[in-house]
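Below is one structure; the comments refer to it alone.
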Amino acid sequence: MNLSTRKNLSYVVLIVLLIGLLIWLALFLHHRMRYAVTNAVFVETEKLVYASFSQVAGKIVKVTKKEGEPVKKGEVLALLDPSPYEKVFQRLVAEKRAALKEKDALEIAITRLKRELKIKETQVKQKLYQLKEERKAVLAQAEALNSQIAQLRRDQKRFSTLVAKNLAPKRKLEEIETSLKQLEHQQKALTFKAEALKYGLVAAEKELALLQNQKRLIKEQKERLIALSNKIKGLSASVAAAQLNLEYTKLVSPIDGLVAKRFHVAGDVVGPGQPVYALVDPKDLYILVLLEETKLKGVEVGSPAKIKIDAFPDEEFEGEVAEILPATAAKFALVPRDVSAGEFTKVAQRVPIKIRITKGPVEILRVGLGGEVEIKRK
């Protein structure tokens with residue numbers, strides 16, 4: 001091949017390369033016109049769920065999950081030393097059991113006392129009635145004797161006068177006097193009996209009054225029973241609370257998700273509400289894009305996007321623009337730019353855009369991963 005031919009061939013190759021470069025450039029520009037492309041991309045989440053021992057404090061004796069591991073809702077994540085709460089629970093259960101036993105015994109005692117008092121009251125009232133009726137009968141007999149004695153005394157006086165005048169036999173006077181003595185003796189016996197019945201009535205009334213006092217004792221016992229019932233209610237609430245505290249020594253996952261961060265290990269002492277794990281729900285993951293303001297044209301809510309994550313180069317994700325935030329990222333920087341002195345350098349600002357993931361293995365993503373996004377302009 002002569003020099004002229006080699007030269008012509010070189011020109012042809014150069015022209016082909018130039019045409020290929022122009023075609024690539026045209027395709028690149030066309031792609032950039034159709035898509036907003038940026039690598040300021042981060043995997044974010046709407047919220048991190050912090051798992052903590054909400055009601056109890058103590059020493060962690062076991063953790064079951066590492067960072068990045070999946071968790072199921074209700075799965076045990078960590079255990080606190082339950083012994084202090086177990087002791088409190090057992091003590092309260094024992095107190096409640098003793099109070100219930102005391103209540104049962106008191107109820108039995110009250111029931112027995114009420115039954116005995118009812119029987120005794122019936123007996124005493126019956127005795128009181130019998131004594132009153134018996135005394136009434138004795139007093140009636142005594143009253144009848146009074147009439148007979150009065151008559152015999154009149155007869156004695158009259159016959160004494162007649163005997164003194166020899167107008168009546170002395171034997172008749174002696175009979176009257178004998179009958180009078182017998183009746184007076186009976187009257188005296190009836191008087192003693194009436195007096196004895198009177199004392200019996202007083203004693204029965206005192207016994208009845210004593211039974212009334214015992215009824216007041218039943219009232220006091222009932223008040224004690226009410227207080228004991230209230231105590232048992234309080235102990236029941238305390239037992240339930242202690243049982244809950246015992247259950248709270250098991251930290252369970254509130255969601256199905258992934259462990260984003262573990263803050264403590266076995267042996268650490270934690271307080272109520274102190275986070276032990278940070279969990280993330282894959283459904284809450286989204287792509288945060290910090291898009292240059294110069295590329296914002298044509299990007300709207302609903303625009304489709306292709307997502308590549310650096311950590312998983314072989315996986316493809318798709319999504320759509322869910323939200324375009326109304327302020328640039330620089331506006332909320334920890335150290336915002338101060339241009340009050342007149343110093344100013346034109347810098348393209350970045351607008352935060354949220355992309356909802358619609359396709360791809362979301363469960364493998366981790367918060368904070370970076371990548372690249374192509375957003376199709378409308």
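Read-outs: derived from the displayed coordinates by stated rules, not from any lab. Model, not experiment: these values are computed from the prediction. Heads up, the Cβs are rebuilt from the backbone with ideal geometry, glycines too, and the neighbour counts pull from every protein chain shown.
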Alpha carbon convex hull of segment 84-248, projected area averaged over orientations, nm²: 12.5 nm²
Could you work out how much longer the chain between LYS47 and GLU323 gets when fully extended? Use 0.36 nm per residue separation minus the Cα distance between them, nm to one decimal. 97.7 nm
Determine the dipole magnitude for segment 10-115: charges of +1 sit on the beta-carbon of Lys and Arg, -1 on that of Asp and Glu, nothing else is charged, the reference point is the Cα centre, and the result goes in debye to the nearest 20. 740 debye
Scan around THR45 for amide H atoms under 5 Å from its own, H built in the peptide plane at 1.01 Å from N, and keep only partners 5 or more places away or cross-chain. TYR286
³J(HN,Hα) computed for each position of segment 83-95 - Karplus, 6.51 cos²θ - 1.76 cosθ + 1.60, integer Hz, glycine/proline x: 4, x, 6, 5, 5, 4, 4, 5, 5, 5, 4, 5, 5
Which of the following values of P(r) over Cα pairs in 20 Å bins from 0, in percent was calculated from the structure shown: [x] 26, 52, 21, 2; [y] 16, 21, 17, 13, 10, 9, 7, 5, 2, 1, 0; [z] 22, 39, 25, 12, 2? [y]
About its Cα centre, how strong a charge dipole does the chain have in debye, to the nearest 20, once Lys and Arg get +1 and Asp and Glu get -1 at the Cβ? 2760 debye
Taking +1 at the Cβ of each Lys and Arg and -1 at the Cβ of each Asp and Glu, which of LEU279, GLY68, LEU365 sits farthest along the dipole of the chain towards its positive end, judged by Cα position relative to the Cα centre? LEU279
Once amide H atoms are built 1.01 Å from N in the peptide plane, which residues 5 or more positions from GLY371, or in another chain, come under 5 Å H to H? VAL41, ASP310
What list of ³J(HN,Hα) couplings, whole Hz, do you get for segment 290-307 from phi and the Karplus terms 6.51, -1.76, 1.60, once you set θ to phi - 60° and write x for glycine and proline? 9, 8, 4, 4, 6, 9, 6, 4, x, 8, 10, 4, x, 5, x, 9, 10, 10
Can you return the lysines within cross-link range of LYS62? Criterion is Cα-Cα under 19 Å, with same-chain partners fewer than 8 residues away left out. LYS72, LYS73, LYS250, LYS261
Radius 14 Å from Cβ of VAL321, net charge of other residues (Lys, Arg +1; Asp, Glu -1): +3
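For the chain, what relative contact order do you get, as a whole percent, if you take Cα pairs closer than 8 Å and at least 6 residues apart?
Once normalised by length, the contact order is 33 percent.
Calculate the FRET efficiency for GLU116 and VAL93 from the Cβ-Cβ distance with a Förster distance of 35 Å, rounded to the nearest 0.05. It would help to have the intermediate numbers written out before the result.
On the way: r = 35 Å, r/R0 = 0.99.
For R0 = 35 Å, the calculated efficiency reads 0.50.
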Considering only the other residues whose Cβ falls under 15 Å of the Cβ of PRO169, what net charge follows from Lys and Arg at +1 and Asp and Glu at -1? +1
Starting from the Cα-Cα distance between LEU14 and GLN212, subtract it from 0.36 nm times their residue separation and give me the gain in nm to one decimal. 58.5 nm
Karplus ³J(HN,Hα) for segment 271-284 (6.51 cos²θ - 1.76 cosθ + 1.60, θ = phi - 60°; Hz, whole; x = Gly/Pro) runs x, x, x, 7, x, 9, 9, 10, 10, 10, 8, x, 5, 8
Putting +1 on Lys and Arg Cβ atoms and -1 on Asp and Glu Cβ atoms, find which of SER229, ILE149, THR161 reaches farthest to the positive end of the dipole of segment 84-248. THR161
Consider a paramagnetic label point 7 Å from the Cα of LEU244 along Cα→Cβ; state which residues of segment 36-53 have an amide N under 17 Å from it. 52-53
Could you work out the local net charge near VAL265, counting Lys and Arg as +1, Asp and Glu as -1, over the other residues with Cβ closer than 15 Å to its Cβ? +2
Interchain or sequence-distant (5+) residues whose placed amide H lies within less than 5 Å of the amide H of PHE317 are ILE307
In this structure, among LYS120/LYS188; LYS65/LYS283; LYS103/LYS206, pairs with alpha-carbon gaps over 23 Å are LYS120/LYS188; LYS103/LYS206
How large is the charge dipole for segment 84-248, taken about the Cα centre, if only the Cβ atoms of Lys, Arg (+1) and Asp, Glu (-1) carry charge, to the nearest 20 debye? 420 debye
In the chain, with Lys and Arg counted as +1 and Asp and Glu as -1 at Cβ, which of these residues, HIS264, LEU131, TYR85, has the Cα nearest the positive end of the dipole, that is, farthest along it? LEU131
